């Protein structure tokens, strides 16, 4: 593999650089999204039970002790409970927007890697073909041995660029699915929390 890398020429190095760059952000997103994932149904149940048994302050404290975007938006909403359910809903919406931005943070750099790595590979392909034709011109010969180096360089840079893009694309697709699930959890559970707060504020008459 090292020999193939060296045979690819100078363009292999920036492609490798973007691969490392993309992997760094991929692992950062993997860590962040893993830490953001909790059992939301269990957490919602705990919050509702705490609201009924200990009140808003204890529910806020529970949110403080729990990681993840759902806990953050619950915390933001419950902090406005003294102003009424309408204010809670507004606070949850605002916090939800911030949490969505946090979840999608640095995803742009994965897109950059996916776009730039193949382009560098194709540029290396062009350079390799130019070298092949220059060799033909110098040697005045079109035998395979004369053009082998240039064509090999062209194919290797294209292959490496595409492999990098494919690997980072896999990470990106996985992260998008995780982010979509987290956003759906935030929306569903925030609606359920608000419904529960409405019930607590306006208990049904027996």
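Length available on full extension from residue 129 to residue 170: 0.36 nm per residue minus the Cα-Cα distance, which gives 11.7 nm. Calculated from the structure at hand, Kirkwood radius over Cα pairs in Å is found among [x] 18.2; [y] 17.4; [z] 20.6 as [z]. Quick one: go through the stretch 51-81 and flag any residue whose amide nitrogen is under 12 Å from the point 7 Å out along the Cα-to-Cβ line of residue 201. Inside the label zone: 78, 80-81.
For a label point 7 Å from the Cα of residue 122 along Cα→C-beta, name the residues of the stretch 10-37 whose backbone N is under 15 Å from it. What the label zone holds, given the 15 Å backbone N cut-off, is no residue at all. Calculated FRET efficiency, residue 3 to residue 159, Cβ-Cβ distance, R0 = 22 Å: about 0.95 to the nearest 0.05.
A short reminder: the numbers here are calculations on the coordinates, not readings from a lab. Just so we're clear, the structure is a prediction, and the values are computed from it rather than from any experiment. All Cβ positions, glycine included, derive from the backbone under ideal geometry; neighbour counts span all protein chains shown.
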